[in-house]
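First comes the structure, then the notes that go with it.
The values are calculated or read from the model by the stated rules, or taken from the named source; none is laboratory data. Just so it is clear, the model here is predicted, and its values are computed rather than measured. No Cβ is skipped: glycine too gets one built from the backbone with ideal geometry, and neighbour counts run over all protein chains shown. With ligands, DNA and RNA removed, areas are computed over all heavy atoms of the protein, side chains included. Shrake-Rupley method; radii C 1.70, N 1.55, O 1.52, S 1.80 Å.
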Amino acid sequence: MAGLSDVLGEGGGLEAPGLGDAIGGGTNKELMAEARMVLSGNWGMAVLGYFLYIALTMSFSVFVMGSTFFVAAVAGLNGGSVESAGNAIGQVSNIVQFLIAGALAVGFCSFFLGIAQDAEARLERLFTGFCRFWKSFAVYFFYTLFICLWMLLLIIPGIIASFRYAMAFFIIADDEDCGPLEAIGRSKEMMAGNKWKFFCLHWRFLGWGILCAILPIGFLWLVPYMQTSFAKFYEDVK
(Lines give C-alpha, C1' and ligand atoms only; values in the text may rest on other atoms or scores of the structure.)
Protein backbone atom coordinates (compact mmCIF):
# COMPACT_ATOMS: atom_id res chain seq x y z
CA MET A 1 0.00 0.00 0.00
CA ALA A 2 1.26 3.47 -0.82
CA GLY A 3 2.48 5.58 2.08
CA LEU A 4 1.70 9.24 2.75
CA SER A 5 5.05 10.48 1.42
CA ASP A 6 4.64 8.30 -1.69
CA VAL A 7 1.32 9.78 -2.68
CA LEU A 8 2.24 13.39 -1.92
CA GLY A 9 5.53 13.56 -3.81
CA GLU A 10 6.70 12.39 -7.21
CA GLY A 11 9.44 10.43 -5.50
CA GLY A 12 9.36 10.11 -1.74
CA GLY A 13 9.51 13.76 -0.71
CA LEU A 14 7.16 16.72 -0.80
CA GLU A 15 8.52 18.47 -3.87
CA ALA A 16 6.04 20.52 -5.88
CA PRO A 17 4.23 18.41 -8.47
CA GLY A 18 5.58 19.28 -11.93
CA LEU A 19 3.84 18.84 -15.24
CA GLY A 20 6.51 16.97 -17.17
CA ASP A 21 6.34 15.55 -20.69
CA ALA A 22 3.60 13.26 -21.95
CA ILE A 23 4.50 9.58 -21.91
CA GLY A 24 1.14 8.02 -22.82
CA GLY A 25 0.93 6.16 -26.12
CA GLY A 26 -1.91 7.92 -27.95
CA THR A 27 -2.27 11.61 -28.71
CA ASN A 28 -5.23 13.52 -27.32
CA LYS A 29 -6.68 13.81 -30.80
CA GLU A 30 -6.51 10.03 -31.18
CA LEU A 31 -8.07 9.46 -27.74
CA MET A 32 -10.96 11.76 -28.62
CA ALA A 33 -11.44 9.94 -31.94
CA GLU A 34 -11.52 6.62 -30.07
CA ALA A 35 -14.08 8.09 -27.66
CA ARG A 36 -16.33 9.12 -30.56
CA MET A 37 -15.95 5.65 -32.07
CA VAL A 38 -17.09 3.78 -28.94
CA LEU A 39 -19.87 6.31 -28.38
CA SER A 40 -21.18 5.62 -31.87
CA GLY A 41 -24.35 3.64 -31.30
CA ASN A 42 -24.14 4.37 -27.56
CA TRP A 43 -24.98 8.06 -27.55
CA GLY A 44 -28.51 7.51 -26.31
CA MET A 45 -27.41 5.38 -23.35
CA ALA A 46 -24.47 7.69 -22.61
CA VAL A 47 -26.77 10.72 -22.43
CA LEU A 48 -29.26 8.73 -20.34
CA GLY A 49 -26.48 7.66 -17.97
CA TYR A 50 -25.36 11.25 -17.51
CA PHE A 51 -28.97 12.36 -17.00
CA LEU A 52 -29.46 9.66 -14.33
CA TYR A 53 -26.24 10.75 -12.63
CA ILE A 54 -27.60 14.31 -12.48
CA ALA A 55 -30.91 12.96 -11.19
CA LEU A 56 -29.15 10.97 -8.45
CA THR A 57 -27.23 14.04 -7.37
CA MET A 58 -30.22 16.37 -7.50
CA SER A 59 -32.60 13.91 -5.83
CA PHE A 60 -30.51 14.09 -2.68
CA SER A 61 -30.61 17.90 -2.77
CA VAL A 62 -34.39 17.85 -3.22
CA PHE A 63 -34.70 15.40 -0.32
CA VAL A 64 -32.61 17.68 1.90
CA MET A 65 -34.68 20.72 0.92
CA GLY A 66 -37.89 18.85 1.70
CA SER A 67 -36.52 17.63 5.02
CA THR A 68 -35.39 21.14 5.93
CA PHE A 69 -38.84 22.55 5.18
CA PHE A 70 -40.55 19.78 7.16
CA VAL A 71 -38.29 20.07 10.21
CA ALA A 72 -38.55 23.87 10.17
CA ALA A 73 -42.34 23.65 9.97
CA VAL A 74 -42.52 21.19 12.88
CA ALA A 75 -40.13 23.32 14.92
CA GLY A 76 -42.23 26.41 14.23
CA LEU A 77 -45.45 24.68 15.24
CA ASN A 78 -43.87 23.52 18.49
CA GLY A 79 -42.39 26.89 19.35
CA GLY A 80 -38.83 25.92 18.46
CA SER A 81 -36.28 27.90 16.51
CA VAL A 82 -36.88 27.52 12.79
CA GLU A 83 -33.44 28.95 12.02
CA SER A 84 -31.65 26.51 14.34
CA ALA A 85 -33.53 23.56 12.88
CA GLY A 86 -32.65 24.67 9.35
CA ASN A 87 -28.98 25.12 10.25
CA ALA A 88 -28.85 21.66 11.83
CA ILE A 89 -30.32 20.03 8.72
CA GLY A 90 -27.89 22.00 6.55
CA GLN A 91 -24.91 20.71 8.54
CA VAL A 92 -26.14 17.13 8.35
CA SER A 93 -26.73 17.46 4.60
CA ASN A 94 -23.17 18.73 4.07
CA ILE A 95 -21.80 15.70 5.91
CA VAL A 96 -23.93 13.27 3.93
CA GLN A 97 -23.03 14.96 0.64
CA PHE A 98 -19.35 14.56 1.50
CA LEU A 99 -19.94 10.89 2.37
CA ILE A 100 -21.63 10.02 -0.92
CA ALA A 101 -19.51 12.23 -3.22
CA GLY A 102 -16.91 9.48 -3.67
CA ALA A 103 -19.52 6.84 -4.50
CA LEU A 104 -21.08 9.13 -7.10
CA ALA A 105 -17.68 9.95 -8.64
CA VAL A 106 -16.60 6.29 -8.84
CA GLY A 107 -19.95 5.27 -10.33
CA PHE A 108 -19.73 8.05 -12.91
CA CYS A 109 -16.22 6.97 -13.90
CA SER A 110 -17.25 3.30 -13.95
CA PHE A 111 -20.13 3.93 -16.34
CA PHE A 112 -17.99 5.72 -18.92
CA LEU A 113 -15.08 3.36 -18.39
CA GLY A 114 -17.42 0.56 -19.46
CA ILE A 115 -18.13 2.44 -22.67
CA ALA A 116 -14.43 3.09 -23.24
CA GLN A 117 -13.40 -0.52 -22.59
CA ASP A 118 -16.27 -2.52 -24.05
CA ALA A 119 -18.21 0.01 -26.14
CA GLU A 120 -21.14 -0.96 -23.93
CA ALA A 121 -23.16 1.39 -21.70
CA ARG A 122 -24.54 -0.40 -18.63
CA LEU A 123 -26.59 1.78 -16.31
CA GLU A 124 -25.95 -0.46 -13.30
CA ARG A 125 -22.32 0.67 -13.35
CA LEU A 126 -23.49 4.06 -12.07
CA PHE A 127 -23.92 2.33 -8.70
CA THR A 128 -20.45 0.75 -8.60
CA GLY A 129 -19.31 3.35 -6.09
CA PHE A 130 -22.10 2.44 -3.69
CA CYS A 131 -21.12 -1.24 -3.96
CA ARG A 132 -17.58 -0.14 -2.92
CA PHE A 133 -18.85 2.60 -0.65
CA TRP A 134 -16.10 2.89 1.94
CA LYS A 135 -13.31 2.59 -0.62
CA SER A 136 -15.01 5.26 -2.71
CA PHE A 137 -15.43 7.51 0.31
CA ALA A 138 -11.82 6.99 1.42
CA VAL A 139 -10.32 7.72 -2.00
CA TYR A 140 -12.44 10.90 -2.23
CA PHE A 141 -11.32 11.88 1.28
CA PHE A 142 -7.61 11.45 0.48
CA TYR A 143 -8.03 13.06 -2.95
CA THR A 144 -9.57 16.13 -1.32
CA LEU A 145 -7.10 16.16 1.57
CA PHE A 146 -3.96 16.01 -0.58
CA ILE A 147 -5.21 18.69 -2.96
CA CYS A 148 -6.01 20.94 0.00
CA LEU A 149 -2.51 20.34 1.39
CA TRP A 150 -0.96 21.44 -1.91
CA MET A 151 -3.34 24.41 -1.98
CA LEU A 152 -1.77 25.58 1.28
CA LEU A 153 1.35 26.30 -0.75
CA LEU A 154 -0.23 28.03 -3.76
CA ILE A 155 -3.24 27.59 -6.01
CA ILE A 156 -1.18 26.32 -8.96
CA PRO A 157 0.38 23.37 -7.08
CA GLY A 158 -3.11 22.46 -5.91
CA ILE A 159 -4.44 22.48 -9.45
CA ILE A 160 -1.52 20.36 -10.64
CA ALA A 161 -2.14 17.95 -7.75
CA SER A 162 -5.76 17.57 -8.87
CA PHE A 163 -4.46 16.29 -12.21
CA ARG A 164 -1.93 14.05 -10.45
CA TYR A 165 -4.63 12.20 -8.49
CA ALA A 166 -7.36 12.39 -11.14
CA MET A 167 -7.08 8.72 -12.18
CA ALA A 168 -7.79 7.45 -8.63
CA PHE A 169 -11.55 7.23 -9.22
CA PHE A 170 -11.08 5.30 -12.47
CA ILE A 171 -8.70 2.94 -10.66
CA ILE A 172 -11.22 2.16 -7.91
CA ALA A 173 -13.89 1.69 -10.58
CA ASP A 174 -11.63 -0.62 -12.60
CA ASP A 175 -10.04 -2.66 -9.78
CA GLU A 176 -12.29 -3.73 -6.91
CA ASP A 177 -9.28 -5.08 -4.97
CA CYS A 178 -7.41 -1.78 -4.98
CA GLY A 179 -7.26 0.18 -1.73
CA PRO A 180 -7.78 3.97 -1.46
CA LEU A 181 -4.18 5.00 -0.82
CA GLU A 182 -2.99 2.46 -3.37
CA ALA A 183 -5.31 4.07 -5.94
CA ILE A 184 -3.91 7.51 -5.09
CA GLY A 185 -0.37 6.18 -5.43
CA ARG A 186 -1.07 4.41 -8.72
CA SER A 187 -2.68 7.57 -10.09
CA LYS A 188 0.46 9.50 -9.18
CA GLU A 189 2.59 6.97 -11.07
CA MET A 190 0.31 7.00 -14.11
CA MET A 191 0.24 10.78 -14.28
CA ALA A 192 4.00 11.26 -13.92
CA GLY A 193 4.82 13.02 -17.18
CA ASN A 194 1.17 13.02 -18.27
CA LYS A 195 -0.36 15.89 -16.28
CA TRP A 196 0.27 18.43 -19.03
CA LYS A 197 -1.20 16.07 -21.60
CA PHE A 198 -4.33 15.65 -19.44
CA PHE A 199 -4.60 19.41 -19.03
CA CYS A 200 -4.40 19.84 -22.80
CA LEU A 201 -7.12 17.21 -23.22
CA HIS A 202 -9.41 19.34 -21.04
CA TRP A 203 -8.43 22.43 -23.05
CA ARG A 204 -9.59 20.79 -26.29
CA PHE A 205 -13.18 20.92 -25.01
CA LEU A 206 -13.12 24.64 -24.19
CA GLY A 207 -14.83 25.76 -27.39
CA TRP A 208 -17.58 23.18 -26.97
CA GLY A 209 -17.99 24.29 -23.37
CA ILE A 210 -18.51 27.90 -24.44
CA LEU A 211 -21.17 26.83 -26.96
CA CYS A 212 -22.90 24.72 -24.30
CA ALA A 213 -22.88 27.69 -21.93
CA ILE A 214 -25.03 29.43 -24.55
CA LEU A 215 -27.18 26.35 -25.18
CA PRO A 216 -26.97 24.38 -21.88
CA ILE A 217 -28.77 21.32 -23.26
CA GLY A 218 -25.58 20.63 -25.19
CA PHE A 219 -23.92 19.54 -21.93
CA LEU A 220 -25.96 16.32 -22.16
CA TRP A 221 -23.72 15.36 -25.09
CA LEU A 222 -20.54 17.23 -24.21
CA VAL A 223 -20.05 15.71 -20.75
CA PRO A 224 -20.37 12.08 -21.97
CA TYR A 225 -17.92 12.90 -24.78
CA MET A 226 -15.49 14.41 -22.29
CA GLN A 227 -15.82 11.64 -19.72
CA THR A 228 -15.39 8.90 -22.32
CA SER A 229 -12.28 10.71 -23.57
CA PHE A 230 -10.97 10.82 -20.00
CA ALA A 231 -11.69 7.10 -19.66
CA LYS A 232 -9.72 6.49 -22.86
CA PHE A 233 -6.91 8.57 -21.39
CA TYR A 234 -6.93 6.31 -18.32
CA GLU A 235 -6.76 3.23 -20.54
CA ASP A 236 -3.84 4.82 -22.37
CA VAL A 237 -1.72 5.59 -19.30
CA LYS A 238 -2.56 2.73 -16.93
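For Ile95, the conditions (1) aliphatic (A, V, I, L, M); (2) farther than 21 Å from Phe199 by Cα; (3) modelled with pLDDT of 85 or more all hold with the exception of (3).
The lone criterion from (1) more than 23 Å from Gly218 (Cβ to Cβ); (2) at pLDDT below 95 left unmet by Ser110 is number (2).
For the criterion of being open to solvent by less than 10 Å² (accessible area, probe 1.4 Å) and touching a Pro at 6+ places or on another chain (Cβ under 9 Å), Ile172 passes.
Of all the criteria given as (1) out of contact with any Ser or Thr (no Cβ under 8 Å at 6 or more places or on another chain); (2) at pLDDT 95 or above; (3) not aromatic (Phe, Trp, Tyr), the one not satisfied by Leu201 is (1). Can you name every residue in the range 34-44 that is of a type in the set (A, V, I, L, M) and open to solvent by 70 Å² or more (accessible area, probe 1.4 Å)? Within the range 34-44, just Met37 meets the criteria. Scanning the range 184-238 for residues that are surrounded by fewer than 21 Cβ atoms within 10 Å (Cβ to Cβ), of a type outside the set (A, V, I, L, M, F, W, C) and without any contact (Cβ under 8 Å) to a residue 40 or more places away in the chain yields a count of 6.
Just to be sure before I move on: is Leu145 surrounded by fewer than 19 Cβ atoms within 10 Å (Cβ to Cβ) and touching a Gly at 6+ places or on another chain (Cβ under 9 Å) in the structure I sent?
no
Residue by residue, here is whether (1) over 17 Å from the mean Cα position of the chain (by Cα); (2) of a type outside the set (Asp, Glu); (3) within 22 Å of Leu48 (Cβ to Cβ); (4) assigned to a helix (DSSP H, G or I) holds:
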{"residue": "Cys148", "(1), (2), (3), (4)": "no, yes, no, yes"}
{"residue": "Leu153", "(1), (2), (3), (4)": "yes, yes, no, no"}
{"residue": "Ile159", "(1), (2), (3), (4)": "no, yes, no, yes"}
{"residue": "Ser162", "(1), (2), (3), (4)": "no, yes, no, yes"}
{"residue": "Ile184", "(1), (2), (3), (4)": "no, yes, no, yes"}
{"residue": "Phe199", "(1), (2), (3), (4)": "no, yes, no, yes"}
{"residue": "Gly209", "(1), (2), (3), (4)": "yes, yes, yes, yes"}
{"residue": "Val223", "(1), (2), (3), (4)": "no, yes, yes, yes"}
{"residue": "Gln227", "(1), (2), (3), (4)": "no, yes, yes, yes"}
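Applying the selection to the range 126-136, what residues are buried (at least 19 other Cβ atoms within 10 Å of the Cβ) and within 20 Å of Glu182 (Cβ to Cβ)?
Filtering the range 126-136 down to residues buried (at least 19 other Cβ atoms within 10 Å of the Cβ) leaves 126, 128-129, 132, 135-136.
Correct list: Thr128, Gly129, Arg132, Lys135, Ser136.
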